Amino acid sequence: MVERYGIDVSRWQGVIDWDKLAENADLSFVILRAASGCAYDSKFKEYIKEVKRVKIPFGLYFASTALSVEDAEKEADFATSVLRKHSAEYPAFYDVELNAQKSLGSAKVTNILKTWLDRVSAAGYKAGYYTNKAWLDSVIDEKQLEGYPLWYAAYPSVAEKTLTDAPKDNRSKLSYPQAAIWQWSSNGRVDGINAKVDLNVCYETYPASPKKEYLTLADIKAMGYKGFIIE
């Protein structure tokens, strides 16, 4: 199993030197925060343009504000509209972590997650979810989400780290070893970003998108083509 190192970024990382990131031989992927609820992250349009320009494989995550299944459906439809425009190699992840959501209880939170995951997956995109041990232990019924990639947050150290400091061959030692991606530090440093950044290690091979039965014009444009010719 090849372990690949990556980071996730949002508006909190501010100005990024994407050319420096692209020069980093240890950096294999970036996961961008696309939105909170149905509102774009303020840096997303800049970041997505740049990550495509420098050709770093990327995924997207969507921070949930949903307090009901209906909210989750709206957020899933918004996410799908974003994914149609941007052909990502890594999955689209749903991040449910608000205290207001936690107070809903396990059944409702799990249902919100499953609604979003099922809806995005049904649209033809690889969907996963982001969470941590505390939520998996007491809030999320992960058995109901079986088959969806888990992006798991757990930090063994608070010290400043770099990508290659990632603990090696550690997947089997995680509390939830089914994790596809482990976010192992929130105090990372990489050339090209002045702010602290989350560090991740990926255990799965991506892209691994479901096969779509058809392509829309938006899908084709997202691949870099201007259109298509019917012969």
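Suppose we keep only residues that are hydroxyl-bearing (Ser, Thr, Tyr) and within 17 Å of the chain's Cα centre (by Cα) within the stretch 83-112. Which one would you say is farthest from LEU136 (Cα to Cα)? Spell out the reasoning first.
Step one: of the stretch 83-112, the residues hydroxyl-bearing (Ser, Thr, Tyr) are 87, 90, 94, 103, 106, 110.
When the remaining residues are screened for being within 17 Å of the chain's Cα centre (by Cα), the result is 87, 90, 94.
Numbers: SER87: 30, TYR90: 22, TYR94: 14 Å.
Out of the qualifying residues, it is SER87.
Restricting the search to the stretch 170-210, which residues are among the aliphatic types (A, V, I, L, M), assigned to a loop (DSSP other than H, G, I, E, B) and closer than 16 Å to ASP26 by Cα?
The one that is among the aliphatic types (A, V, I, L, M), assigned to a loop (DSSP other than H, G, I, E, B) and closer than 16 Å to ASP26 by Cα: VAL190.
Would you point out which residue out of THR80, THR115 is more than 16 Å from the chain's Cα centre (by Cα), at pLDDT 95 or above and of a type in the set (S, T, N, Q)?
Result: THR115 is the single residue among THR80, THR115 that is more than 16 Å from the chain's Cα centre (by Cα), at pLDDT 95 or above and of a type in the set (S, T, N, Q).
Report the residue count in the stretch 29-55 for those that are crowded, with 20+ Cβ neighbours inside 10 Å and assigned to a loop (DSSP other than H, G, I, E, B).
1
Being part of a loop (DSSP other than H, G, I, E, B), under 25 Å from ASP191 (Cα atoms) and either modelled with pLDDT under 95 or among the aliphatic types (A, V, I, L, M) (or both) narrows it down to one of ALA25, ALA66, so name that one.
Sole residue among the options that is part of a loop (DSSP other than H, G, I, E, B), under 25 Å from ASP191 (Cα atoms) and either modelled with pLDDT under 95 or among the aliphatic types (A, V, I, L, M) (or both): ALA25.
In the stretch 119-143, which residue that is in contact (Cβ under 8 Å) with a residue 40 or more places away in the chain and assigned to a helix (DSSP H, G or I) is surrounded by the fewest Cβ atoms within 10 Å (Cβ to Cβ)?
LYS133
Considering SER42, SER36, which residue is modelled with pLDDT of 95 or more, over 14 Å from ILE193 (Cα atoms) and within 15 Å of the chain's Cα centre (by Cα)?
After applying the criteria, what remains is SER36.
Looking at the stretch 11-35, I want the residues that are among the polar types (S, T, N, Q) and have a partner that is modelled with pLDDT of 95 or more and in a strand (DSSP E or B) with Cβ atoms under 8 Å, at least 6 apart or on another chain. Which pairs are those?
Between residues of the stretch 11-35 that are among the polar types (S, T, N, Q) and residues that are modelled with pLDDT of 95 or more and in a strand (DSSP E or B), the close pairs are GLN13/ILE193; GLN13/VAL197; SER28/ARG4; SER28/TYR5; SER28/GLY6; SER28/CYS202.
Only one of these is part of a strand (DSSP E or B) and surrounded by 14 or more Cβ atoms within 10 Å (Cβ to Cβ): ASP77, ASP8, ASP71. Name it.
ASP8
The values are calculated or read from the model by the stated rules, or taken from the named source; none is laboratory data. A quick note: this is a predicted structure, and the numbers were derived from the prediction, not measured. We place every Cβ from the backbone using ideal geometry, glycine too, and count neighbours over all the protein chains shown.
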